[in-house]
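What follows is calculated from the coordinates using simple rules that are stated; it is not laboratory data. These numbers were taken from a predicted model, which means no experiment stands behind them. Note: ideal-geometry Cβ built from the backbone for every residue, glycine included; neighbour counts use all protein chains shown.
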Amino acid sequence: MSDESQTTTHFGFETVPENEKAGRVQGVFSSVASKYDVMNDAMSLGIHRIWKDAMMDWLAPRAGQRLLDVAGGTGDISFRFLKRAGSGHATVLDITENMLIEGRKRAEAADLSESLDWTVGDAMALPFEDNTFDVYTISFGIRNVTHPQEALNEAFRVLRPGGRLMVLEFSQLPNPMMQKAYDLYSFNVIPPMGKAITGDRDSYQYLVESIRNFPDQETFLGMVRAAGFENAKYRNMSVGIAALHSGWKL
């Protein structure tokens, strides 16, 4: 038996062979792709839009920049980036082709088609040359990567010197009572909501479990620094329900 077959990782609260996780994540997002944007609005009460706008505020896109939007799915971040920048180029990369297909259907995709590429690919093995992009973003995607540190290392590789990393991800609330209340909402409301809206309870059960497995803000900040990024910082969104991490390739 190979070492790879003996190596395990988490898929939500389930322990699975490491080489199966990416396929399972693809299955989750293929299942919910057509209702993904609707479900995001429903389960966050639209607050994810405020978080993504805050991400753009801190990033302050500039005209002519090249963005790599990893786990970019239906293009939310890329559309915001291109509209803020005024001109530039965005490459949306996702491991799940169905998510990219849904993104291409959005009205913004037609308006910005000359400035957008859609690429199927793996965050841990990006199909791009070194020093290619000015900005790398990953929004609510890195917790689904089998090895988040490898994804951060790849981000550093493909960014140009002076390039910017920004990671928006669900995180941990600093107050135990608030965390308990949030967990009650997450585990008791989101999976049934997923069933009602998308017909898929299990995928949203995985999503809420994956949030609880993700490192806290300070631990993840250490991972960003370990990848080589400098001036690394984070800001809590909605008292820590999500966190926005930033770093520079200097």
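Worth pointing out:
- Spatially proximal lysines relative to Lys21 (Cα-Cα < 26 Å; intrachain offsets below 8 disregarded): Lys35, Lys195
- Total formal charge among the other residues, if their Cβ is under 13 angstrom from that of His89, Lys/Arg +1 and Asp/Glu -1: -2
- Peptides 211-221, 134-144 ranked from most to least packed, by the mean per-residue count of other Cβ atoms within 10 Å: 134-144, 211-221.
- Virtual spin-label span in nm between Asn213 and Ala125, 7 Å along Cα→Cβ: 2.1
- For the chain, the relative contact order works out to 19 percent when only alpha carbon pairs closer than 8 Å and six or more residues apart are counted.
- Packing-based ranking of 104-114, 169-179, 29-39 yields 29-39, 169-179, 104-114, ordered from highest to lowest mean Cβ neighbour count within 10 Å.
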